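**Student:** Take this structure, written in structure tokens, and hold onto it; I'll ask about it next.
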Amino acid sequence: MATAALCFRASALSMACFLLAVPLLMAQDPSNLSLEHYSKTCPNAEHVVRAEMECAVRDEPRNAALMLRLHFHDCFVQGCDGSVLLDDTATMIGEKQADQNVNSLKGFEVVDKIKAKLEAECPGTVSCADLLAIAARDAVVLVGGPYWDVPVGRLDSKEASLDLANKDIPTAEQGLVTLISKFWEKGLDATDMVALVGSHTIGFARCANFRDRIYGDFEMTSKYNPASATYLSKLKEICPMDGGDDNISAMDSHTSSTFDNAYFETLIKGEGLLNSDQEMWSSIAGYSTADTVNKYWADPALFFKQFSDSMVKMGNITNPAGGEVRKTCRFVNT
């Protein structure tokens, strides 16, 4: 058994080293993005988005996390092109039906409201993909997180891809090596990954996505701490062994309505709600990610700076197929 464990450790570390040695894929042609894209055609675009986001977050604080997640799931499939917003049609099953989206991806009504206001202000000008990028930034700011300038000029895809959504979006059950690989495929490195996962400080998860974790190695990673055992008992009340798949729990059990660095302390305590998150601290292949987790917990300013940089980097992943500026975000133009 000891020999097998050592071999597994060597294999995992070798794979991680291989991934770190592969050159980063460049974001797909972000050359048309700029901070001035709407300066003449729709100068009030960001103000319109901000006003609607203020209303949305005031009415329901969870809308901040929902908009941030929409942007992330959009960018990881075909690039940041608004494809995640497309409804199913007679000829296309959209990304909303993907395993990581169905029954959990929400916030589409907020997008509809913002788009309607943008169309009233500047018809046919601001893309749904840009709307998501700006709204995600505003969502973070409105709950205490950092501000960053959002380059704009993205086009909206004319199609969605259920297959790519199922393949490319990271899942809660995946191990660290797989997760690093998925981010690298998008031109994002392990540092970007840890920073972006820090957004789970305002996130919620469905029982279906954390059941295996709390009935699996949660006690081991939390070192059988009595305080952790109390938290685990509460999680099991929310998420029984059978049923309750759509029950939800905050991923940050202390400051779930504030964007801060507290989620990294949760990982250090071994209390990460999702297996994929806890892997960054506890995995035997996580020698570099664990160090990054520790740095972000020790220095919130460092986390905020890297999160902002990584959001811009992710937002610069564009769809090389091009597209259009949709009049409504749910359907392509006719």
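The values are calculated or read from the model by the stated rules, or taken from the named source; none is laboratory data. Values in this document were obtained by computation on a predicted structure and should not be read as measured data. Note that we place each Cβ from the backbone using ideal geometry, even for glycine, and neighbour counts take in every protein chain shown. Each accessible area value is taken on the protein alone, full model and side chains, heavy atoms only, with ligands, DNA and RNA left out. Shrake-Rupley method; radii C 1.70, N 1.55, O 1.52, S 1.80 Å.
**Student:** Output the number of the condition that VAL102 fails; it satisfies all remaining conditions of (1) in contact (Cβ under 8 Å) with a residue 24 or more places away in the chain; (2) within 19 Å of ARG206 (Cα to Cα).
**Tutor:** Result: VAL102 fails condition (1) only.
**Student:** Also: Identify the residue in segment 235-254 that is open to solvent by less than 40 Å² (accessible area, probe 1.4 Å) and touching a residue at least 40 places away in the same chain (Cβ under 8 Å) and, among all such residues, is nearest to the chain's Cα centre (by Cα).
**Tutor:** Within segment 235-254, the match that is nearest to the chain's Cα centre (by Cα) is MET251.
**Student:** Condition check: at pLDDT 95 or above, outside the structural domain of THR292 (by the TED database), assigned to a helix (DSSP H, G or I) and open to solvent by less than 40 Å² (accessible area, probe 1.4 Å). Does ARG213 satisfy that?
**Tutor:** Answer is no for this residue.
**Student:** If you don't mind, another one. Suppose we filter THR91, THR125 for residues that are assigned by the TED database to the domain that holds LYS158, open to solvent by 10 Å² or more (accessible area, probe 1.4 Å), among the hydroxyl-bearing types (Ser, Thr, Tyr) and under 17 Å from GLY323 (Cβ atoms); which single one remains?
**Tutor:** One residue alone meets the criteria, THR125.
**Student:** Right, here's the next one. Restricting to helices (runs of 4 or more DSSP H) lying wholly in segment 148-200: which have 3 or more residues that are at pLDDT 95 or above, within 29 Å of THR328 (Cα to Cα) and not β-branched (Val, Ile, Thr)?
**Tutor:** The qualifying helices (runs of 4 or more DSSP H) are 162-168.
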